[in-house]
1. Do you know which residues across the range B:168-186 are part of a loop (DSSP other than H, G, I, E, B) and within 14 Å of chain A (Cβ to nearest Cβ)?
2. May I ask you to verify whether B:L257 is within 11 Å of another protein chain (Cβ to nearest Cβ) and hydrophobic (A, V, I, L, M, F, W, C)?
3. Could you look through the range A:116-127, keep only residues that are more than 7 Å from chain B (Cβ to nearest Cβ) and either within 23 Å of the chain's Cα centre (by Cα) or among the hydrophobic types (A, V, I, L, M, F, W, C) (or both), and pick out the one that is surrounded by the fewest Cβ atoms within 10 Å (Cβ to Cβ)?
4. Among the residues in the range A:133-155, are any in contact with an Asp or Glu (Cβ under 6 Å, 6 or more places away or on another chain) and more than 9 Å from chain B (Cβ to nearest Cβ)?
5. Restricting to the range B:216-241, name every residue that is within 31 Å of the chain's Cα centre (by Cα) and within 11 Å of chain A (Cβ to nearest Cβ).
6. Can you spot a residue in the range B:206-215 that is closer than 16 Å to B:W260 by Cβ and within 14 Å of another protein chain (Cβ to nearest Cβ)?
7. Answer with yes or no whether B:A188 is of a type outside the set (S, T, Y), crowded, with 20+ Cβ neighbours inside 10 Å and either farther than 30 Å from B:S214 by Cα or touching a helix residue (DSSP H, G or I) at 6+ places or on another chain (Cβ under 9 Å) (or both).
8. I'd like the full set of residues that are buried (at least 24 other Cβ atoms within 10 Å of the Cβ) and within 15 Å of the chain's Cα centre (by Cα), limited to the range A:37-67.
Amino acid sequence: MINFPQLIANGLVQGLFIAMAALAITLAFSIARFPNAATGDVMTAGAYTGLATQSATGSLILAGIVAILTGAVISLAADRLVFRKLAGRAVVASLVASIGVAFVIRAVLGVTFGLSQLVYDIPLTRAKLYWGVRLTPLDLQVAGAVALALALVFGILHLTPIGRQMRAVADDRDLARVSGVKPERVMVALWLISGGVAGLAGMMLGIKTVVEPELGWSMLLPAFTAAILGGIGSPGGAVAAGLLLGVVQEISTPFVGFNYKLVIAFAALLGVLLWRPSGLFGKREGVR
Amino acid sequence: MTTTSRRQLLQGAAAGTALLSMPSLTFAQSAGVFRIGALNPITGSGSTFGTGMLKAIQAAADVVNAAGGAGGVKFEVVSEDTQTSPPAGVLAAKKLLEVNKVQAVLGTWSSGVSLAVVPLTNDANVLLMNTSGAPALSVPPANAKGLSFRFQATNDRFGRAFAEVCVKEGFKRPATMAFNNASGIGNADGFKKAWEGKGNKVVAGVVYEPNQTSYRSELQKILDANPDVIVTGSYLQDTTILMREWYQSGIPVKWILPGWAGSPDLVKAVGAPVVEGVISVDSVSNVGAESYKLYDAAYQKAMGKPGSSNVYAAMTWDMVITLALAIEAAGKTDTDSIKSHIRTVANPPGDDVFSYAAGKAALKAGKKINYQGASSVLDFDEYGDVTPDFGVSFIEGGAINQKYVVKI
């Protein structure tokens, strides 16, 4: 017998990680206007510094803060040193440069922390049954942390002056500029938020799996998929699409087996884009 | 239109001098020397073993040279790093073959690297001696010319060893979980074939994708079939996640893992209570043999660690000795002559020999020899594969204790 509620739950847990990564990508895209391939490695950096903090202090909260700061600082630095100098050129120039940034981050991490796998020292707990669905307390904690992070990001976007300015720039850069919005401050805010989300996502992923130099890089493909599926530039869309991808993958497995679940995810992407070329939450409902 | 400045002239002159000072590139094939390419996983996921494998090759080459060389030539070792990655391995192999003009490539470790390198060695008509497990390396196209020799057990043989362990431990309802690559599926399929050959049934099996955040759905499918043991073809990283999620599910079952996954690193990653009672199976060296003692002493000297800490270094040691004996027996250094003499010196019938010097002396006396290796008795079948014995270890209180040896 196929336990669909369990598969959906498994899919939602996996989808949360895709959603976080996709959110970081889509935020950067909405304002800097290029797909940032360094997002995956910013995640990895967050996972490593979080791990180092946790093993030094024993505090996961502190580790989370350090991971967020790591992601924010690296993203801001990458913008200052690389992306800003390429602004106004073709999108592909920034994309290729971001792949270069990704390699640099990974190389530094590899030299600093070594190439073999590391793990967060968190005591394992048995799963509990909730209405016939087996979930571990860790799943719920991760889900809680992700929900909190999302609430914070959307709060900033919709409830603060800088958020309003960010949405204005995302919507129409020139109009925002003539209305007195300073792009400089908006860019700084953007990279801090996008990097912070990536850093936290990396740490969560590191807790759930193992920390190794390719941790974030291998997350990049599903994350880009979710960002496109959600309507690129739409934060809510990225999160919804990440969760959807996770669930679609898992509930397809009884029918197509475990090797083809990625194929099913991409078939879903294809289907949605044929039906709605701008993605689920396309441009008109984007950040504004 | 163009005027050559003084600076350009100087640069040109410097480049010319640099070219002239590299005569070794142009005269790579000097007389009286046989060049071995040591192609080992110095970095990457095989880095635990790579340096030791290289040191064993160098030490064995020294032994051969000290005994007066093989077939009138001395061995010279040129080394490169595969980074345990097929693209890097291919580049390194190209460099060894085209620049250094090596006459044999020794010591590729992971199946992915060996499968990527073997077309190059085949094209160059050079031997490839590897320690990989993938069944595809036995047959064409990979081994179309019979130039690939494997010093490690195939994944298929690992599977057969797993089946023997299941019989011995009285398991009745095994299930399989395999990482989706040649090695992982090879382990699981080898097990299934051997187990069903004994008239039994495998209750469930999954092949899973690499780099997933969770394997819970995969695990659930296996556990739903209510197995008493799960046999895997897996690696360290995915096994870490599998072990954690299985422990969290709270469903009791036993595990049989290949040695490269069921390692001290796994215990470190998930904690001793989680992996208590897990069975880890790995090929074991030919520990009782005189050849193993020679290898052990050389490894101790080169690495400061016992030879038992690196089963793959025993294999690369044997590669050099076997190669030297084959050259000595052939009296020639062309690849075809060496290839046709490897089984002559390593397989029965013949006098058992354990060292290069003894083998060389016996050959000189006109005897047929059978080299007994440090890594296994080293008898190559028609596919160039050997059949080592397998050590069966149990993880108890965080330690990996070998309990018995299985012969297949």
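1. Residues of the range B:168-186 that are part of a loop (DSSP other than H, G, I, E, B), as a first pass: B:170-173, B:180-181.
Once the filter is applied, which keeps residues that are part of a loop (DSSP other than H, G, I, E, B) and within 14 Å of chain A (Cβ to nearest Cβ), the range B:168-186 yields B:N180, B:N181.
2. Numbers: within 11 Å of another protein chain (Cβ to nearest Cβ): no; hydrophobic (A, V, I, L, M, F, W, C): yes.
The answer is no for B:L257.
3. A:I122
4. Narrowing the range A:133-155 to residues in contact with an Asp or Glu (Cβ under 6 Å, 6 or more places away or on another chain): none.
Looking for residues that are in contact with an Asp or Glu (Cβ under 6 Å, 6 or more places away or on another chain) and more than 9 Å from chain B (Cβ to nearest Cβ), one finds none in the range A:133-155, hence no.
5. Across the range B:216-241, the qualifying residues are B:E218, B:L219, B:I222, B:Y235, B:L236, B:Q237, B:D238, B:T239, B:T240, B:I241.
6. Yes, there is a match, as at least one residue in the range B:206-215 is closer than 16 Å to B:W260 by Cβ and within 14 Å of another protein chain (Cβ to nearest Cβ).
7. Numbers: of a type outside the set (S, T, Y): yes; crowded, with 20+ Cβ neighbours inside 10 Å: yes; either farther than 30 Å from B:S214 by Cα or touching a helix residue (DSSP H, G or I) at 6+ places or on another chain (Cβ under 9 Å) (or both): yes.
So B:A188 fits the description; yes.
8. A:A38, A:T39, A:G40, A:D41, A:V42, A:M43, A:T44, A:A45, A:G46, A:A47, A:A67, listed by residue number.
The values are calculated or read from the model by the stated rules, or taken from the named source; none is laboratory data. Given the structure is predicted, the values throughout are model-derived calculations rather than measurements. Neighbour counts are summed over all protein chains in view; Cβ atoms, including those assigned to glycine, are modelled from backbone coordinates with ideal geometry.
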